[in-house]
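Structure, as structure tokens:
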Amino acid sequence: MKNKFNKLLFLFALSAFAVSCSNDDDNHDDHSEETAQEYKYLRVLVSDEKTTELSFINPVDGTATFFNAKFPKSALYTTESGRFAGIIHRADNAVETFDSGFEFHGDHVDTKGTPKFGALTGQSLSPTHFKSKLGELLTFNDGDGTLSIGKESGIHTIGAKFRTVNAGLLAHHGAMASFKNGTYAITEKDNSVTGTLPEKVKIIDNTGKTLFDAKLVTKGIHGNATDGTYAVFGSASGILVVESNGNQKYIAHPADFGTAWFGSIIETAYAGKFIGYTAAKGAYLIDVVNKSVTPIFENTKIMQCKVSYNHKKLGILLHSGEFRLFDLNSLQAEKTANIIAATAENSTQKPQLELTERFAYITSPTTGELLQANLSTLAVTKIKTSATPYRITIFGHENSAGH
């Protein structure tokens, strides 16, 4: 009798354990569904080459809403807060702003009205280089060498205009960078090099007054980025590093570069670390503190080289249609796959790439589509855009929690 009781007790315990395990399985967090779709409060904005149409895309459900900018063929950028986009009409000397309608509050996102154009606009000669730091929107105006500055806080202020800052520069194909103390590094041209590229960088305040003159003179500058402490410029003389106190130094290019140099510098999520890209060599990690340049992907057939929205990954799209994803902390390759058809190197309009934590977005200029590639599975979904998509930016927030 005692043995029968012990057996019954054992079977009861075993049954309870099995139920408990089953319940644990039911309650276990399964993130596969989360990563299979984009964040709720993220949007993609696409301009058009031939028309004024802007495609405002919700990548969660694959729908597009269409707006009309002032001019076609606009460049698109996202502001520091992530809420707004800057729309740059270089050929038409104009700047517009656009509101995603999503405002980030630390742990959640509030919806602020509907997506729409901002009231803040700019009028300047060939606005070209766009940056956004410390709540400001900045363009460098190639036509006259001035800066234009607008405030994110004033984007919906009726009649708001970008303010012009004249630092006494000659017109050139220039760039600027903001420091944490509110000053700016700005390129200047002295005509020691023929053409439109500048040769040096000085520090100014927000009135255009020179605080520190240039200390180094290069053989040409193009491309720059800043983390607020260091402003890094691509230069034919070496990688030019500028600090707000006026200090300037070079970081040497790799020994096998010859005459090649980085024409694009890109910010990362890591202090003092930047991406240098040149079509002649490939993509490299620049460590300003250690004065080192480390190869990430060496290839001369790169079509697009972009950091992810959170600046922690690097996406590279080759003319062959191959896509590669790299982790910027480890510099290790995470994904490699052919996800689009090959693009001719002499093609006038090429696919444009941007990526989030979960997806890569690639325009298809010939089919009027935005391709959404899942970075986990590399499965591709097509979203209809305007007929000839031109440029792309991601804005909003990598967050799905509402108020």
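The values are calculated or read from the model by the stated rules, or taken from the named source; none is laboratory data. Everything quoted here is computed from the prediction, not taken from an experiment. A quick note on method: Cβ atoms are made from the backbone with ideal geometry, for glycine too, and the neighbour counts reach across all protein chains shown. Accessible surface is based on the protein model in full, side chains and every heavy atom, while ligands, DNA and RNA are left aside. Shrake-Rupley method; radii C 1.70, N 1.55, O 1.52, S 1.80 Å.
Odds and ends about this structure:
- Other residues lying with their Cβ under 14 Å from the Cβ of ARG163 contribute a combined charge of -1, Lys and Arg counting +1, Asp and Glu -1.
- Modelled FRET efficiency - R0 41 Å, ASP190 with ALA36, Cβ distances, 0.05 increments: 0.15
- Sites THR381 and LEU170, calculated FRET efficiency, Cβ-Cβ separation with R0 45 Å, nearest 0.05: 0.40
- Beta-bridge orientation, region 104-164: approximately 95 percent antiparallel, per DSSP, counting only bridges with both partners inside.
- Calculated diffusion of the chain, Stokes-Einstein form, Kirkwood radius summed over Cα pairs, 20 °C and 1.002 mPa s, µm²/s: 94
- For the chain, the longest principal axis of the alpha carbon atoms and the long axis of helix 2-27 meet at an angle near 20°.
- Accessible-area composition of region 334-386, carbon plus sulfur, in percent [1.4 Å probe]: 46
- Radius 15 Å from Cβ of SER100, net charge of other residues (Lys, Arg +1; Asp, Glu -1): -4
- Relative contact order (%) - criterion: Cα under 8 Å, at least six apart; region: region 31-158: 16
- Average Cα contact separation per residue, the chain, under 8 Å, 6 or more apart, as relative contact order %: 14
- Each of the peptides 336-342, 361-367 was scored by the mean count of other Cβ atoms within 10 Å over its residues; in descending order, highest first, they stand as 361-367, 336-342.
- Whole-percent pair-distance distribution, where bins are 10 Å wide, for the alpha carbons of region 257-319: 23, 57, 20, 1
- From the alpha carbon centroid of region 245-304 to that of region 81-150 is 27 Å.
- 10 Å-binned pair-distance histogram of region 324-377 (Cα, whole percent): 21, 49, 26, 4
- Helix-only CD estimate at 222 nm, as mean residue ellipticity for the chain, using -39500 (n - 2.57) per DSSP H run (n ≥ 4): -2500 deg cm²/dmol
- Sum of side-chain charges, ASN191 neighbourhood, beta-carbon under 12 Å (Lys, Arg +1; Asp, Glu -1): -1
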